[in-house]
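Only one structure is covered here, and it is reproduced in the block below.
The values are calculated or read from the model by the stated rules, or taken from the named source; none is laboratory data. From a predicted model like this one, the values you see are computed outputs, not experimental measurements. Cβ: placed from backbone, ideal geometry, glycine included. Neighbour counts: every protein chain shown. Side chains are part of the model used for accessible areas, which takes the heavy atoms of the whole protein and leaves out ligands, DNA and RNA. Shrake-Rupley method; radii C 1.70, N 1.55, O 1.52, S 1.80 Å.
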Amino acid sequence: MKFGTYVFEPKKAEGFDFHLFRVKPEVGRRLPPMSDMYSNVAIFGDNVTARNHPDWISQSALGPAWRTNDQFNVRWDILCQTQPDHRAEQLDYIEDVARHSPGVWLNSIHFADHGHCTCPRCKERWKKSGLSWFEWRRKEVTDYMREVSERVRDRAKKKFVIGVLPDPVGSLERFGIDFNDLAPLTDEFLVVMFSKNYATPWYWEMLTRGFKKLFKDVPLNIALYVFGPGDNPAEVPAPSELVTLSVRAGRAGADGILYLTDKASQIWDFQKAVVDRVELRERLKTYGCQEVLDFFKSWEKIVE
Ligand SMILES: [Zn+2]
């Protein structure tokens with residue numbers, strides 16, 4: 001297994017195998033990539049571009065994909081999947097980011113949600129394709145990911161990881177994502193499993209097993225939520241929950257675990273809290289994933 005940080009600032013915390021820096025998160029702001037941190041780019045969830053081009057927002061019978069639309073689980077403004085200017089600009093941007101960092105990990109690669117996108121261009125492209133609605137959406141997502149993959153893997157010769165939402169069953173109908181289509185295009189998968197608490201690890205362990213089964217030979221990374229931008233410290237996951245879930249996800253087959261914080265210093269706070277949970281780590285020894293416990297133990301020398 002490998003362990004990484006997943007942070008909003010270009011700063012590496014000690015004690016991890018790799019680092020993922022959010023050069024362009026869904027809020028749409030962009031920061032320069034780092035030569036020694038992987039770059040994380042959200043493509044279609046992009047508040048800045050949506051504000052600059054409100055006519056590019058994804059459309060549906062239940063309204064556009066503004067983050068204020070409660071019909072959908074959209075936390076950001078999401079652009080139409082086939083907007084040609086955005087697609088072209090993001091291809092060049094992602095290739096450039098890849099050239100200036102060890103690789104690119106993507107988020108927000110897909111249609112906003114079920115029923116998207118019904119803009120005039122998408123309707124026209126669907127009609128012309130002769131495919132069913134779901135097959136047409138699948139082809140749009142896969143074809144674009146093939147282009148991005150070529151830019152990162154073939155041209156920039158860097159590592160490429162596709163990120164998906166934690167829905168192993170409905171992703172085709174909701175987002176246009178077919179995991180078998182994407183598997184040959186990516187080096188690894190990332191499944192974001194963000195939650196403000198992990199009080200019932202059983203569910204997350206089940207999702208990990210489900211994705212492990214779907215992805216077959218492609219490594220599975222999961223990302224866990226530690227401390228997000230602007231969070232109230234009283235409302236973030238308890239370190240003990242994160243320790244327990246890490247062990248259970250490890251035994252369920254996760255090949256990598258990433259820990260999300262706003263700042264690198266919050267990773268250190270987390271490490272300190274994990275090291276302090278001596279009794280819990282002792283108790284988890286019978287759970288069947290010593291590798292994660294050994295990794296946590298390695299932090300003892302960092303936080304001393
Ligand atoms: Zn559209």
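Estimated from helices alone, the mean residue ellipticity of the chain at 222 nm is -11000 deg cm²/dmol (sum of -39500 (n - 2.57) over DSSP H runs with n ≥ 4, per residue).
A convex hull fitted around the alpha carbon atoms of the chain yields 127 Å³ per residue.
The Rg/Rh ratio of region 234-304, with both radii computed over alpha carbons and Rh defined as the Kirkwood radius, is 0.94. Only beta bridges with both residues in the chain are counted; by DSSP, about 5 percent of them are antiparallel. For the peptides 127-134, 235-242, the ranking by mean Cβ contacts within 10 Å, running from highest to lowest, is 235-242, 127-134. Sequentially through region 162-167, phi angles give Karplus couplings (6.51, -1.76, 1.60; θ = phi - 60°) of 8, x, 9, 7, x, 10 Hz, Gly and Pro residues having no value and appearing as x. Shape index of region 68-113: Rg/Rh, with Rg the Cα radius of gyration and Rh the Kirkwood radius from the inverse mean 1/r over Cα pairs, equals 1.06.
Between ASP187 and GLU147, the simple spin-label model (points 7 angstrom out along Cα→Cβ) gives 2.3 nm. Plugging the Kirkwood radius over Cα pairs into Stokes-Einstein for region 166-293, at a temperature of 25 °C and a viscosity of 0.890 mPa s, what D comes out in µm²/s? Roughly 158 µm²/s, to the nearest whole number. Solvent-accessible surface of the chain, averaged per residue with a 1.4 angstrom probe and all protein chains in place: 44 square angstrom. Structural descriptor for the chain: relative contact order 17 percent, calculated from alpha carbon pairs under 8 angstrom and at least 6 residues apart. Only one residue of THR244, PHE211, ALA199 has its Cα farthest out toward the positive end of the dipole of the chain, where Lys and Arg carry +1 and Asp and Glu -1 on Cβ, and that residue is PHE211. Taking only protein heavy atoms and a 1.4 Å probe, the accessible area of the chain is 52% carbon and sulfur.
Taking a point 7 Å from the Cα of ARG283 along the Cα-to-Cβ direction, the residues of region 168-199 with backbone N closer than 20 Å to it are 197-199. Averaged over residues, the count of other Cβ atoms within 10 Å places the peptides 272-279, 45-52 in the sequence 45-52, 272-279, highest first.
Would you list the P(r) distribution for region 96-173, with all Cα-Cα distances sorted into 10 Å bins from 0 and each bin expressed as a whole %? Using 10 Å bins, I get a P(r) of 17, 41, 29, 13, 0 for region 96-173. For region 46-94 versus region 254-304, the spacing of their alpha-carbon centroids is 37 Å.
Once the Cβ-Cβ distance of ASP36 and PHE134 is raised to the sixth power relative to R0 = 41 Å, the FRET efficiency obtained is 0.50.
Each of GLU291 and VAL303 was given a label point 7 Å from its Cα along the Cα-to-Cβ line. The distance between the two points is 2.3 nm.
On the basis of the beta-carbon distance and an R0 of 41 Å, ASN197 and GLU89 show a calculated FRET efficiency of 0.65. Ordering 148-161, 58-71, 110-123 by mean Cβ neighbour count within 10 Å, with the highest value first, yields 110-123, 148-161, 58-71.
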